[in-house]
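Chemist: So that we are looking at the same thing, I have put the structure below in structure tokens.
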Amino acid sequence: MDHLFQVQKIELKIGFNKKLLLILFLILFIVLTLIGINYFKGKEKNNMNEEEKIVKQLYIDLCDASINKDMTLLNSILSDNYVLVHMTGMEQSKNEYMESVETGELEYFESIHESIEVNIDGDYATIIGKTKTLASPFHSGKSWWRLRQDLEAKKIDEKWVLTHSKASTY
């Protein structure tokens, strides 16, 4: 009888150890998968070539210049035929947008970039920027907006400029 009891004890220990090993293996698998995903996400962000970095900076400069009311910078990064399409569908030319920023009709206070995707095809580029923005558009009151901008850029005389932007939320 003692021998039978010891065999059952050993079987319980082996069964318990298998379950514990399985749980530990699953935890290790999940942790390594998450590490791998974050590793490759970081690689994608850091593997931008110089052209992509320049185009990405256009979006950052657009946000910063709009906050700082830097008309010189805005003038240099927006093409003469630049058009901004607001989420309401209203369109503004380069001059209309700059005037709205300068007068405070469109007032920007802060931006936190969550993601900026850049795709380049020859002398044309697209940018998708997702940014938390503290703003007061058209005197609507200061609040945080989750703004997505789908932008187009073009390389003109060896210089990248923004040609079009469509705003929405995300």
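Chemist: Only one of these is modelled with pLDDT of 95 or more, of a type outside the set (Asp, Glu), buried (at least 16 other Cβ atoms within 10 Å of the Cβ) and within 16 Å of the chain's Cα centre (by Cα): Ala153, Ala167. Name it.
Modeler: On the way: Ala153 fails: within 16 Å of the chain's Cα centre (by Cα).
Result of the check over Ala153, Ala167: Ala167.
Chemist: Kindly provide the set of residues from region 97-143 that are assigned to a strand (DSSP E or B), open to solvent by 80 Å² or more (accessible area, probe 1.4 Å) and among the aromatic types (Phe, Trp, Tyr), ordered by number.
Modeler: Tyr124
The values are calculated or read from the model by the stated rules, or taken from the named source; none is laboratory data. Small disclaimer: the values here were computed from a predicted structure and weren't measured. FYI the Cβ positions are ideal-geometry reconstructions off the backbone, even for glycines, and counts take in every protein chain you see. Calculation scope for accessible area: heavy atoms of the full protein, side chains included, ligands and nucleic acids excluded. Shrake-Rupley method; radii C 1.70, N 1.55, O 1.52, S 1.80 Å.
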